[in-house]
Amino acid sequence: MSVLVRTYSGEVLGRSEHRALGSLFASVPLEGFPFIGHVDPYDDTIFNRLQVNSILAELEKLGSYLGDDEMAAAIEVIDLASLVSERPHRYLVFSGD
């Protein structure tokens with residue numbers, strides 16, 4: 001799994017391929033996490049700039065339950081989500097295997 005920031009035109013502004021991304025999202029329950037709980041591990045899941053605020057809130061809520069590797073992966077996702085928040089027409093793309 002990888003996560004990237006993509007613009008409307010397709011330019012990639014940032015990427016994470018942290019080894020714990022798969023386990024991070026596999027461990028998220030569906031209930032209580034309507035955004036990150038529904039990241040598809042086998043296909044692309046795309047969030048826009050407005051949805052990224054919910055992603056950040058859910059990662060913060062999940063943070064205390066994460067191990068070191070998953071926390072490191074979450075921090076990379078948070079950094080990418082912050083990049084999406086900076087300007088319109090940017091998307092946070094979770095690319096499944």
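The values are calculated or read from the model by the stated rules, or taken from the named source; none is laboratory data. Since the model is a prediction, treat every value here as computed from it, not as a measurement. So basically every Cβ, Gly included, is an ideal-geometry build from the backbone, and we count neighbours across all protein chains shown. Ligands, DNA and RNA are stripped out before the accessible areas are found, and what is left, the full protein with its side chains, is counted by its heavy atoms. Shrake-Rupley method; radii C 1.70, N 1.55, O 1.52, S 1.80 Å.
Worth a mention:
- Where a residue in region 3-21 is without any contact (Cβ under 8 Å) to a residue 24 or more places away in the chain and its partner, wherever it lies, is open to solvent by 20 Å² or more (accessible area, probe 1.4 Å) and of a type in the set (D, E, K, R), with Cβ under 8 Å and at least six apart: Val12/Arg6
- Condition met for Phe47 (over 27 Å from Gly10 (Cα atoms) and open to solvent by less than 60 Å² (accessible area, probe 1.4 Å)): no
- Residue within region 26-37 that is of a type in the set (D, E, K, R), open to solvent by 60 Å² or more (accessible area, probe 1.4 Å) and touching a residue at least 60 places away in the same chain (Cβ under 8 Å) present: no
- Meets criteria (crowded, with 19+ Cβ neighbours inside 10 Å and charged (D, E, K, R)) for Arg6: yes
- In region 64-73, the residues that are open to solvent by 50 Å² or more (accessible area, probe 1.4 Å) and assigned to a loop (DSSP other than H, G, I, E, B): none
- Scanning region 74-95 for residues that are touching a residue at least 60 places away in the same chain (Cβ under 8 Å) and in a helix (DSSP H, G or I) yields a count of 6.
- Residues being open to solvent by 50 Å² or more (accessible area, probe 1.4 Å) and not aliphatic (A, V, I, L, M) - total across region 9-22: 5
- Residue under evaluation Asp68, criteria (1) more than 11 Å from the chain's Cα centre (by Cα); (2) modelled with pLDDT of 95 or more, criterion not met: (2)
- Taking each residue of region 47-73 that is under 14 Å from Tyr91 (Cβ atoms) and looking for partners that are in a helix (DSSP H, G or I) and among the small types (Gly, Ala, Ser) with beta-carbon atoms closer than 7 Å, six or more apart or interchain, yields Arg49/Ser85; Val52/Ala81; Val52/Ser85; Ile55/Ala81.
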